[in-house]
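One structure is given here, and the rest of the page talks about it.
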């Protein structure tokens with residue numbers, strides 16, 4: 001619920017110190033977004049790229 | 001290339017992609033950035049010191065490459081290709097989805113210095129020291145950027161109270177820990 005006090009804090013020039021609850025919520029959102037990509041794993045193009053480079057390098061060494 | 005090195009590089013790819021998307025704001029560009037990063041890394045694999053953090057090494061290469069090649073294109077990318085929020089397809093319908101979208105849009109509005117610091121520490125799990133090494137700046141600078149990023153995010157999302165939030169010890173600890 002918005003009160004006069006919270007409104008004042010929001011418009012204040014001085015950055016308010018965030019509560020731990022707010023920080024926790026922001027952190028949760030951030031990780032959720034990030035992990036959404038991480039959980040996609042390794043796309044084939046990168047696995048193929050590494051295998052190809054590895055193969056070329058081994059050939060070069062022989 | 002040593003098999004253990006190949007595995008370490010491959011293992012870092014998912015997190016590299018997540019970081020790249022947060023920098024580029026676009027999945028296709030991010031994947032190109034990751035690919036170029038991997039090619040650079042493998043071409044210079046001799047400069048990687050075994051026993052050090054492979055992930056941090058790759059993040060550093062990716063960030064430097066992004067800074068030199070991609071950053072100047074960022075504005076046009078955002079305007080023409082849509083942003084992070086639109087490019088993620090896997091987010092299921094869920095309670096709090098509106099807030100989640102607001103969060104991603106707010107994140108996209110942060111100055112890039114602040115956004116990358118917040119991602120490295122708050123999502124990638126690097127310590128402040130590691131993030132400082134990756135960004136080539138002082139630890140205090142990273143801490144300051146992370147704090148400003150959090151404050152700005154809360155402002156953009158008009159979060160000025162905690163009434164809506166159920167306290168959650170685990171996530172609270174994760175963020176409060178700040179990757180330390």
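The values are calculated or read from the model by the stated rules, or taken from the named source; none is laboratory data. The shown structure was predicted, so the numbers you read here are calculated from the model rather than taken from an experiment. So basically every Cβ, Gly included, is an ideal-geometry build from the backbone, and we count neighbours across all protein chains shown.
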Checked region B:132-159 for anything surrounded by 21 or more Cβ atoms within 10 Å (Cβ to Cβ) and either closer than 26 Å to residue B:99 by Cβ or modelled with pLDDT under 95 (or both); matches are B:145, B:146, B:149, B:150, B:153, B:154, B:159
Taking first residues from region A:30-48 that are free of Cβ contacts under 8 Å to residues at least 60 places away in the same chain and second residues anywhere that are assigned to a loop (DSSP other than H, G, I, E, B), the pairs with Cβ under 7 Å that are 6 or more apart or on different chains are A:30/B:123; A:31/B:123; A:34/B:123; A:36/B:88; A:36/B:90; A:36/B:91
Taking region A:33-44 and keeping residues more than 7 Å from chain B (Cβ to nearest Cβ) and part of a helix (DSSP H, G or I) leaves A:35, A:44
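Answer with yes or no whether residue B:104 is at the interface with chain A (Cβ under 10 Å from one of its Cβ atoms), modelled with pLDDT of 90 or more, part of a helix (DSSP H, G or I) and within 23 Å of residue A:19 (Cα to Cα). Steps first, please.
Working: at the interface with chain A (Cβ under 10 Å from one of its Cβ atoms): yes; modelled with pLDDT of 90 or more: no; part of a helix (DSSP H, G or I): yes; within 23 Å of residue A:19 (Cα to Cα): yes.
No.
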Of the listed residues (B:179, B:125), the one being modelled with pLDDT under 90, within 15 Å of the chain's Cα centre (by Cα) and not assigned by TED's automatic domain parsing to the domain that holds residue B:23 is B:179
* Asked: Within the bounds of region B:42-54, is there any residue that is without any contact (Cβ under 8 Å) to a residue 40 or more places away in the chain, under 22 Å from residue B:114 (Cβ atoms) and within 12 Å of another protein chain (Cβ to nearest Cβ)?
  -> no
